[in-house]
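Only one structure is covered here, and it is reproduced in the block below.
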Amino acid sequence: LVDQFSACTTAAFKVLDQQVRYNEPVDMESVYLNLTLDIVGLAVFGVDFRALEQPPDEPQSPIVRAVYRVLKETGYRADDPTNLLLSKVPDALSPLFPTVTDFRASLQKLDEVLDEAIAEAQQNKADLDAESLQMRSGGSLLRFLIDLRGEDVASEQLRDDLRTLLIAGHETVASILTWATFELALNPEVLASALREIDEVLQGRIPTYDDVRELKYLRLVVVEALRMYPAPPSLFRRALASDTLPRGTAAAEVPIGRGTLITIQTAMLHRNPHVYAEPDRFWPERWLEPFGGEDAVPGWKGYDPARVTGLYPNEIATDYAFVPFAGGEYKCIGDQFALLEAEVVLVDLLRRFSFSPCKKTEGKKMGMTTGATIHTNGGLLVDVKKRTDKASSRLAESMLSPMTTPIVRMEKNMSTRVAQRIEPEALVVPTAAELRMLFTEQAMTLKREPQDPKAIESAYEKCREITREYSKTFFLGSQLLDFDEQRAVWAIYNWCRSTDELVDGPMAEKTTMADLEAWEDRLQATFEMSARELGGSTNWEDLSMADSIRRFSLIQRPFQDMIGGMAMDLVKERYETYQELEVYCYRVAGTVGLMTLPVLGFDGMQNFTQELQEQTIAAAMQLGVAFQLTNILRDVGEDARRGRIYVPLEDLRRFGISEEEVLEAANTPGLLYHEDRWRDFMEFQFARCERAYEIAESGIVGLSEVNRLGVMAALKVYGAIMDAVRTNKYDNFSRRAYVDLGEKFLLMGKAWWKVQELQQVAEENVRSGRIFSRS
């Protein structure tokens with residue numbers, strides 16, 4: 001299990017490395033929720049949920065949605081036992097309760113996956129003795145149980161146990177890790193002790209189970225986090241017989257009758273000052289020595305580390321003062337699994353990263369919400385700093401020093417930050433979850449009103465003129481937006497055009513990486529300006545952008561990524577795979593969807609959950625990707641005459657076409673385009689592009705109602721360019737495909753009709769309760 005925990009955690013490095021590279025805070029709660037779901041899928045079920053690496057251009061998989069829906073219902077029922085009554089609703093009446101119908105459908109989907117995994121494990125059962133099974137590496141816990149118990153295991157009982165492990169291994173562990181990270185970031189002396197122990201025990205290697213046993217202090221960090229933020233925060237039990245509860249710290253004994261429903265407030269028990277000294281202090285060392293007893297609470301034996309029988313203190317060692325997993329016959333069967341998983345994930349992350357409080361949320365109180373576990377109210381944003389092997393021990397020692405200063409986020413290296421984005425490990429598309437947190441954070445930033453409205457009006461008017469002159473299609477689509485939104489998209493268009501001119505304009509041959517670095521410096525200054533009072537002496541391009549940032553809370557990430565796309569243009573003239581090309585398309589065009597998304601706005605009721613918000617964000621990215629793919633397929637000849645081939649080389653080879661043939665056809669009229677292999681190749685590319693348009697169109701319902709038409713019109717008009725290429729008999733070497741004005745107006749009419757249909761869908765989603773899912 002330790003190896004599987006580590007393997008999944010390593011996948012999280014990619015997410016964190018990307019955030020660190022851009023010097024951005026990270027929502028660790030979201031990271032942990034996805035990571036622990038992947039771990040429990042592989043380690044327990046042998047099912048790869050791929051929640052952590054969910055591609056941004058696709059909606060979440062049905063099984064992942066089902067898992068989260070089941071977990072949400074679990075928390076809903078844990079929050080209020082009366083909600084358990086919904087489980088008794090007859091199937092015939094369930095349509096009257098949309099949440100019941102949705103939950104039962106999700107549970108059925110989850111059970112189908114579990115049943116399939118159980119059946120496969122039973123079919124491939126290995127006849128090994130218990131010792132051989134324990135020595136076997138790899139495989140899931142399900143396989144181990146099937147191989148160990150054989151025919152004695154009942155599928156239904158096993159499925160119920162697996163559901164329990166799903167909750168313990170996923171949401172419980174995510175909660176433990178979230179609050180452990182929160183407290184480590186707030187308590188640098190505790191973090192320093194943990195880092196020092198990790199460095200001394202591991203010496204830079206990946207942890208084994210024996211190593212985990214030696215990480216005693218880190219284990220107490222996990223336990224202390226679970227004490228302060230228990231999962232679940234409440235337990236419910238029903239008395240099977242009449243009894244009398246001992247007095248304890250109360251005024252008298254408490255008689256209870258048979259059938260009484262008892263609520264055990266675990267969170268209050270774990271912070272009871274009669275039981276724990278300084279209960280609100282994060283103090284892992286408290287578990288090293290005995291505490292409490294008869295003097296503290298009459299009848300209580302107190303805590304004694306000598307009574308700890310396993311790796312972690314439990315209810316026996318504390319005489320039921322520490323019950324994060326309950327106790328007795330109904331104790332959670334996944335307690336040891338959850339604690340081991342939490343410790344392995346934490347040690348793997350701390351080997352590579354250090355955490356400190358997010359500077360952008362400094363002074364704000366962390367909100368909490370309870371359900372099956374304790375969650376943050378809005379995510380756990382922390383600043384993450386990568387550790388190096390040579391610096392690990394020194395970092396721990398410096399943090400212990402009385403002369404130490406608070407950890408600050410490192411600024412990006414001004415001479416290499418753009419160049420780093422063309423390194424192979426940096427060629428990734430950000431996840432929708434990352435972007436959602438950036439949008440949320442930026443929306444909370446306070447900004448001042450501008451000093452000189454007339455200068456801003458003049459700046460926007462110049463942006464309007466530029467847009468109308470250089471992009472008639474884009475300008476036409478912008479006419480369907482409201483006044484303020486129009487001006488913002490003109491400012492964004494002008495910035496994007498100026499950025500593109502650096503590598504594709506008259507002076508492009510002289511552009512260097514240093515020029516892109518300087519352009520990013522100017523971008524940084526513009527974003528900083530947006531938070532200050534805007535004056536009239538500022539450059540009109542910067543002024544219009546800064547005001548748009550201020551008005552609509554634009555995020556900086558897509559602008560930085562577009563500059564990274566320009567860096568790719570400086571060094572790359574070929575793309576071997578579609579994966580490489582997709583990163584390029586995202587950077588130079590998908591980013592535009594993210595830049596304009598705050599301008600177009602979210603429809604609150606169609607983005608009721610974080611998952612739906614992320615679907616809308618992913619759709620916005622895919623619209624830009626589709627636009628850029630359309631450009632590439634339209635301009636094959638034009639690009640080839642400049643020595644560039646953007647279409648994937650592996651796709652050309654698949655259809656028997658060489659680079660040389662493309663270059664020759666671009667310079668010799670009449671070659672290649674009339675051949676079946678070129679037409680088949682183009683249709684293959686069109687199908688990929690049309691899929692991107694479909695994903696984009698599915699997300700338009702998530703935009704604010706007033707701006708759906710403008711986006712739909714742009715999608716329909718631009719998508720029609722592919723039909724224009726077909727009309728030109730696939731000759732994209734010597735003929736430029738375009739949509740004439742009459743066709744554009746016809747397509748805008750179709751867009752209007754489609755938006756009316758979308759509005760009906762949106763209204764039905766609200767009426768029927770499908771605001772939690774669009775599928």
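The values are calculated or read from the model by the stated rules, or taken from the named source; none is laboratory data. Values in this document were obtained by computation on a predicted structure and should not be read as measured data. Cβ coordinates were reconstructed from backbone atoms using ideal geometry, including for glycine residues, and neighbour counts include every protein chain displayed. What goes into the accessible areas is simple: the full protein's heavy atoms, side chains included, and nothing from ligands, DNA or RNA. Shrake-Rupley method; radii C 1.70, N 1.55, O 1.52, S 1.80 Å.
In the stretch 219-234, what count of residues is obtained for those that are of a type in the set (A, V, I, L, M) and either farther than 17 Å from Asp335 by Cα or not in a helix (DSSP H, G or I) (or both)?
Residues in the stretch 219-234 being of a type in the set (A, V, I, L, M) and either farther than 17 Å from Asp335 by Cα or not in a helix (DSSP H, G or I) (or both): 1 in total.
Okay, residues lined up against (1) open to solvent by 60 Å² or more (accessible area, probe 1.4 Å); (2) in a helix (DSSP H, G or I); (3) closer than 29 Å to Leu652 by Cβ; (4) in contact with a Lys or Arg (Cβ under 9 Å, 6 or more places away or on another chain):
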position: Trp678; (1), (2), (3), (4): no, yes, yes, no
position: Arg688; (1), (2), (3), (4): no, yes, yes, no
position: Ala692; (1), (2), (3), (4): no, yes, yes, no
position: Ala696; (1), (2), (3), (4): no, yes, yes, no
position: Ala713; (1), (2), (3), (4): no, yes, no, yes
position: Tyr718; (1), (2), (3), (4): no, yes, yes, no
position: Ile721; (1), (2), (3), (4): no, yes, yes, yes
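Going through the stretch 622-634 one residue at a time, which ones are touching a residue at least 40 places away in the same chain (Cβ under 8 Å) and open to solvent by less than 20 Å² (accessible area, probe 1.4 Å)?
Gln622, Val625, Ala626, Leu629, Thr630, Ile632, Leu633
Scanning the stretch 12-35 for residues that are over 11 Å from the mean Cα position of the chain (by Cα) and either closer than 15 Å to Arg352 by Cα or modelled with pLDDT of 85 or more (or both) yields Phe13, Lys14, Asp17, Gln18, Gln19, Val20, Arg21.
Against the conditions (1) basic (Lys, Arg); (2) at pLDDT 90 or above; (3) farther than 24 Å from Gly327 by Cβ, Arg149 satisfies every one except (2).
Take residues that are modelled with pLDDT of 85 or more and not hydrophobic (A, V, I, L, M, F, W, C) and tell me which of the helices (runs of 4 or more DSSP H) falling wholly in the stretch 385-498 contain 2 or more.
Values: elements: 392-400, 432-443, 453-470, 472-478.
Output list reads 453-470.
Evaluate the stretch 289-297: report whether one residue or more is outside any loop (DSSP other than H, G, I, E, B) and more than 20 Å from Lys216 (Cβ to Cβ). Checked the stretch 289-297: no residue is outside any loop (DSSP other than H, G, I, E, B) and more than 20 Å from Lys216 (Cβ to Cβ). Taken as a whole, the condition of being open to solvent by 30 Å² or more (accessible area, probe 1.4 Å), charged (D, E, K, R), free of Cβ contacts under 8 Å to residues at least 40 places away in the same chain and in a loop (DSSP other than H, G, I, E, B) does not apply to Arg247. Which residues, counting only those in the stretch 250-288, are assigned to a loop (DSSP other than H, G, I, E, B), aromatic (Phe, Trp, Tyr) and open to solvent by less than 60 Å² (accessible area, probe 1.4 Å)? Hits for the stretch 250-288 are Tyr276, Phe282.
Within the stretch 180-196, restricting attention to residues that are open to solvent by 30 Å² or more (accessible area, probe 1.4 Å) and more than 27 Å from the chain's Cα centre (by Cα), the residue that is nearest to Ala231 (Cα to Cα) is Glu189. Entry remark, the stretch 723-767: residues being in contact with a helix residue (DSSP H, G or I) (Cβ under 7 Å, 6 or more places away or on another chain) and open to solvent by less than 50 Å² (accessible area, probe 1.4 Å) number 15 in total. For the stretch 499-514, residues that are over 17 Å from Gly590 (Cα atoms) and assigned to a helix (DSSP H, G or I) total 9.
Only one residue in Thr260, Thr266, Thr309 is of a type in the set (Val, Ile, Thr) and in contact (Cβ under 8 Å) with a residue 24 or more places away in the chain, so which one is that?
Being of a type in the set (Val, Ile, Thr) and in contact (Cβ under 8 Å) with a residue 24 or more places away in the chain holds for just one of Thr260, Thr266, Thr309, which is Thr266.
One residue alone among Arg237, Arg213 is assigned to a helix (DSSP H, G or I), farther than 20 Å from Arg281 by Cβ and either open to solvent by 10 Å² or more (accessible area, probe 1.4 Å) or touching a His at 6+ places or on another chain (Cβ under 6 Å) (or both), and that residue is Arg213.
Please state which one of Glu315, Glu294 is free of Cβ contacts under 8 Å to residues at least 40 places away in the same chain and over 29 Å from Ile39 (Cβ atoms).
Glu294 is the lone residue from the list that is free of Cβ contacts under 8 Å to residues at least 40 places away in the same chain and over 29 Å from Ile39 (Cβ atoms).
Considering each residue of the stretch 333-344 in turn, at least one proves to be modelled with pLDDT under 90 and assigned to a loop (DSSP other than H, G, I, E, B).
Scanning the stretch 197-210 for residues that are buried (at least 17 other Cβ atoms within 10 Å of the Cβ) and assigned to a helix (DSSP H, G or I) yields a count of 5.
Surrounded by fewer than 17 Cβ atoms within 10 Å (Cβ to Cβ) and modelled with pLDDT of 85 or more - does that describe any residue in the stretch 354-362? Among the residues of the stretch 354-362, not one is surrounded by fewer than 17 Cβ atoms within 10 Å (Cβ to Cβ) and modelled with pLDDT of 85 or more, which makes the answer no. Answer with yes or no whether Asp569 is charged (D, E, K, R), in a helix (DSSP H, G or I) and open to solvent by less than 10 Å² (accessible area, probe 1.4 Å). Judged against the criteria, Asp569 is not a match.
Of all residues in the stretch 585-603, none are more than 24 Å from Asn34 (Cα to Cα), assigned to a loop (DSSP other than H, G, I, E, B) and at pLDDT 85 or above.
The condition of being at negative phi, among the hydrophobic types (A, V, I, L, M, F, W, C), modelled with pLDDT under 85 and open to solvent by less than 10 Å² (accessible area, probe 1.4 Å) holds for only one of Leu516, Leu523, Leu534, that being Leu534.
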